[in-house]
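*Asks:* Dropping the structure in here first, questions after.
None of the figures in this text is laboratory data; all of them are computed from the coordinates on show. The shown structure was predicted, so the numbers you read here are calculated from the model rather than taken from an experiment. A quick note on method: Cβ atoms are made from the backbone with ideal geometry, for glycine too, and the neighbour counts reach across all protein chains shown.
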């Protein structure tokens, strides 16, 4: 954790630890540091003397005990009137503990306490650092910029105000010649540069205390974020995982502000000012996270998981407006969303509230992902209709296809298939009235009166002839080519187009947005997806479910509140 939090000097802290029983300020610093390490990165007790590592949640229990001990001892002295460097760091670690425990009111209190103590110690003034030696001055400077980054990240998450500004110089690699880990400071400086553009103007727009938001300002901010990190990072893997994830998350936050202020346009020349930009962000983030180990991401705790969740939520909102991937053999937006769900299920063993929340949102916004159906198949000429089976291959009617001379389906009649917005299947032919008998064809068992909306239901398997005397003398079906038997054929065309789950949701949903994107012909007619030689009903294949149904969960963000795409993402993780 030192490359991410380079605020303590190991040698001096070890010296102070020798007299921890005589200095309550040092004692509180050590107990809060241990509590933070157990709660945030999930570190266990070294050596595991009590055998607690095998118990789920043991680190949380141990961290809570140390946290309570810190607060108990801290009440015995006044750490506010005469604050020290140790008391300031203790407040920061208390913030980190409460953030990891999802107690955000207490977390905000201790973060605000830390920034207030920084003002009391005049850390916002450059002259203050001249009175300390290199070791002390460098640690105080790094601590100020760490609070600077943390305050901005938490302000975006909880709509909080700012109190620290960029009024001092950035730390450098040569601030402390005795620091053997100073070469890792490059990653910390990159982190500061990522959050530095988020000043009071942006936070005021984010908190809606200002309304003068211009597309030019947001586009420039997106450009600045895209160029903030070099292609190759001279940092540790832990730092790289944090930096890359934070960069894509901040791009998502700026895009959220853009859509809140109506600055996006489908035809904009700048991709960052279009509705599809979260797809590009998700693509970049999925590509980056695939290069990191699980441990390098888990060390950042719940904060990094929240960032992944926020990006995935924006991607889910955009997916509801996009058509299916026209190139099935290349990765598309839905593949990126699947990767995010996989990450959330793996990190920390999925022991967070974010995976169920994301699944609930996907089930609510993208019902076709939870109940998939075939959406994009090549258009098939109507002349192939006569060779398509209308039965699914089960029961006594298995293999009974529709003959080519069946009334209304003949290839020579010039029939044209049309699908209405309600998903009805109709046949129209020039100069020939529509045969109403086709509307009467329905499943004898699973008809509309049975309450089953599935358009692909097999007739029941007929019992043996022992249960029905005389059935053994049955010699077969009558001539199916005669029109007098057409109305006796069982089928399930009455609900065609309603999807695997029924209800007609998919047809209406896609038509609503494809019309806006110009994907539906001007006459409003779409050919039904038929495949030549398919043995399934009209070329439709039942696709296995990709994720389980979560009907008992409600659509929510990480706060548990209702989430709409135009209202932004409220959950922004702790840095």
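*Asks:* Subtract the Cα-Cα distance of residue 72 and residue 287 from 0.36 nm times their separation in residues, and report this length gain in nm to one decimal.
*Replies:* Separation in residues times 0.36 nm, less the Cα-Cα distance, equals 72.8 nm.
*Asks:* Please report the relative contact order for the stretch 1-179, taking Cα pairs under 8 Å with a sequence separation of at least 6, and give it as a percent rounded to a whole number.
*Replies:* Result for the stretch 1-179 is 21 percent.
*Asks:* How much length is gained if the chain between residue 80 and residue 345 is pulled fully straight, taking 0.36 nm per residue apart and subtracting their Cα-Cα distance, in nm to one decimal?
*Replies:* Extending this stretch completely gives an extra 91.2 nm.
*Asks:* How many nm is it between the label spots at residue 204 and residue 174, if each spot is 7 Å from the Cα in line with the beta carbon?
*Replies:* 3.9 nm
*Asks:* Continuing with the same structure: Using Cα-only point scatterers and the Debye equation, what is log10 of I(q)/I(0) for the stretch 1-179 at each q in 0.08, 0.12, 0.17 Å⁻¹, rounded to two decimals?
*Replies:* For the requested q values the scattering log ratios are -0.25, -0.58, -1.17.
*Asks:* Hey, any idea what the orientation-averaged projected area of the convex hull of the stretch 203-285's Cα atoms comes to, in nm²?
*Replies:* That works out to 5.8 nm².
*Asks:* Could you give the nm distance between label points at residue 135 and residue 325, where each point is 7 Å from its Cα heading toward the beta carbon?
*Replies:* So the label points at residue 135 and residue 325 sit 5.5 nm apart.
*Asks:* Please report the spacing between the Cα centers of the stretch 61-132 and the stretch 337-368 in Å, no decimals.
*Replies:* Here the answer is 34 Å between Cα centres.
*Asks:* Along Cα→Cβ, 7 Å out, is where each label goes; now give me the distance between the ones at residue 21 and residue 103 in nm to one decimal.
*Replies:* Result for the modelled spin labels: 2.9 nm.
*Asks:* If you average the sequence gap of Cα pairs under 8 Å that are 6 or more apart and divide by the length of the stretch 182-317, what percent do you get for the contact order?
*Replies:* 27 percent
*Asks:* Also: May I ask you to order 273-284, 132-143, 206-217, 341-352 by the average number of other C-beta atoms within 10 Å around their residues, highest value first?
*Replies:* Result, highest mean Cβ count within 10 Å first: 273-284, 132-143, 341-352, 206-217.
*Asks:* Please give the length that would be gained between residue 237 and residue 266 if that part of the chain were fully extended, namely 0.36 nm times their separation in residues minus their C-alpha to C-alpha distance (nm, one decimal).
*Replies:* The span from residue 237 to residue 266 would gain 6.8 nm if fully extended.
*Asks:* Semi-axes, largest first, in whole Å: what does sqrt of 5 times each Cα gyration tensor eigenvalue give for the stretch 282-365?
*Replies:* Its equivalent ellipsoid spans semi-axes of 22, 16, 9 Å.
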